[in-house]
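Engineer: One structure, as structure tokens, below. Some questions next.
Computed from the coordinates by the stated procedures, all read-outs in this text should not be read as laboratory data. Given the structure is predicted, the values throughout are model-derived calculations rather than measurements. Quick reminder, even Gly has a Cβ in these numbers, built from the backbone with ideal geometry, and neighbours come from all protein chains shown.
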Amino acid sequence: MKIKMLLPVLALIFATGMSFTTVSATDQQVTGYINGPNGWESVNVDCVMGSEDCKVRFLPNPTEYQVFATEDESTPLNSASGEIIDL
Amino acid sequence: MTRDKIIYISISYILLIVFAFAAITKLLEQEKFYTNLVNSPILELPSLVIHIMAWLIPILEVFVVIGLIWKRFQVQAIYLIVILLITYIIYTLAILLVAPYSPCSCGGVIALIGWTQHLYLQIGLLSLTFVEMYYHFKISKS
């Protein structure tokens with residue numbers, strides 16, 4: 001009886017561990033889109049939550065670009081800090 | 001323990017781990033999962049419906065896990081797995097074939113593998129579920 005309970009519990013612990021590992025490994029991976037000088041292009045940024053606009057710039061070029069969730073300007077992404085992300 | 005039972009239990013554990021992983025990841029990244037659904041090019045649904053879906057899907061996956069552990073609900077869990085996997089396969093096919101672009105793949109296991117690989121994984125899991133269903137009824141009859 002004990003082994004019958006132990007195996008599912010071990011499987012659950014294994015799955016939980018895997019979940020936490022995956023979540024932290026992919027924490028920074030949010031793909032957004034910017035309407036850059038060459039049209040729409042994707043960027044990997046960490047800006048999902050927050051009240052500020054999520055913006056990026058390509059140093060040394062000082063031009064800032066708003067990041068959108070999709071390739072149109074209807075879904076701007078937000079950022080918690082409001083800091084411009086340098087790419 | 002017979003060969004049939006070993007196969008049945010092994011598949012049960014594979015499904016248990018996969019669905020527990022999927023449910024926990026979605027619950028840990030609730031906000032990200034919701035954002036992915038909102039930004040989906042094929043789900044043109046009101047925000048409230050998306051909010052409900054963002055909670056309902058991981059909750060159904062938790063039910064699958066409970067059902068697989070609790071012998072009494074194993075049949076219901078297997079049927080629920082088939083329904084969920086068929087829904088996921090249709091959604092993934094729509095993303096790959098119908099959607100004007102592939103949306104952000106940034107939640108859970110999809111962040112590590114692409115949409116096409118995800119489709120193969122779902123088809124593999126669905127096949128395993130049918131094998132599981134076959135052995136379940138075979139063991140019940142004997």
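Engineer: Just need log10 I(q)/I(0) for the protein assembly as shown at q = 0.09, 0.11, 0.14, 0.16 Å⁻¹, Debye formula, equal scatterers on the alpha-carbon atoms, no solvent, rounded to two decimals.
Structural biologist: Log-scaled intensity ratios, in q order: -0.45, -0.63, -0.92, -1.12.
Engineer: Now, a different point. Note the count of lysine pairs whose C-alpha atoms are less than 27 angstrom apart in the protein assembly as shown, limited to pairs 8 or more residues apart or on different chains.
Structural biologist: Final tally of qualifying lysine pairs is 16.
Engineer: Let me ask another. Could you please rank B:Val62, A:Val9, placing first whichever residue has the fewest other Cβ atoms within 10 Å of its Cβ?
Structural biologist: A:Val9, B:Val62
Engineer: Counting only residues 5 or more places away or on other chains, whose amide H sits under 5 Å from the amide H of A:Val43 once H atoms are built in the peptide plane?
Structural biologist: So A:Val43 has HN proximity to A:Gly32, A:Tyr33, A:Ile34.
Engineer: Right, another one. With 10 angstrom as the radius, rank B:His118, B:His51, B:His136 by how many other C-beta atoms surround their C-beta, starting from the fewest.
Structural biologist: Least crowded to most crowded, the residues run B:His51, B:His136, B:His118.
Engineer: Counting Lys +1, Arg +1, Asp -1, Glu -1, what net charge surrounds A:Asn35 among other residues with beta carbon under 10 Å of its beta carbon? Show your work: numbers first, answer last.
Structural biologist: Details: positive: none; negative: A:Glu41, A:Glu71, A:Asp72, A:Glu73.
Surrounding charge for A:Asn35 is -4.
Engineer: Here's a follow-up. Please list, in order along the stretch B:90-100, the HN-Hα scalar couplings obtained from phi with the Karplus expression 6.51 cos²θ - 1.76 cosθ + 1.60 (θ = phi - 60°), rounded to whole Hz, x for Gly and Pro.
Structural biologist: Working through the residues one at a time gives 4, 4, 5, 4, 5, 4, 6, 9, 9, 4, x Hz.
Engineer: Given the -39500 (n - 2.57) contribution per DSSP H run of 4+ residues, what per-residue ellipticity at 222 nm results for the protein assembly as shown, rounded to the nearest 500 deg cm²/dmol?
Structural biologist: Computed ellipticity for the protein assembly as shown at 222 nm equals -20500 deg cm²/dmol.
Engineer: Okay, moving on. Give me A:Ser74, A:Ser79 sorted ascending by neighbouring Cβ count inside 10 Å, so fewest comes first.
Structural biologist: Starting with the residue having the fewest Cβ neighbours, the order is A:Ser74, A:Ser79.
Engineer: Using a ≥ b ≥ c from the Cα gyration tensor of the stretch A:30-86 (square roots of the eigenvalues), is it rounded, prolate or oblate, where a/c under 1.5 gives rounded and otherwise the larger of a/b and b/c decides, a/b for prolate?
Structural biologist: The shape class here is oblate.
Engineer: Residues in the stretch B:69-83, backbone N under 20 Å from the label point at A:Leu10 (7 Å along the Cα-to-beta-carbon vector): list them, ranges by number please.
Structural biologist: Once the point is set 7 Å along Cα→Cβ of A:Leu10, B:69-71 turn out to lie under 20 Å by backbone N, inside the stretch B:69-83.
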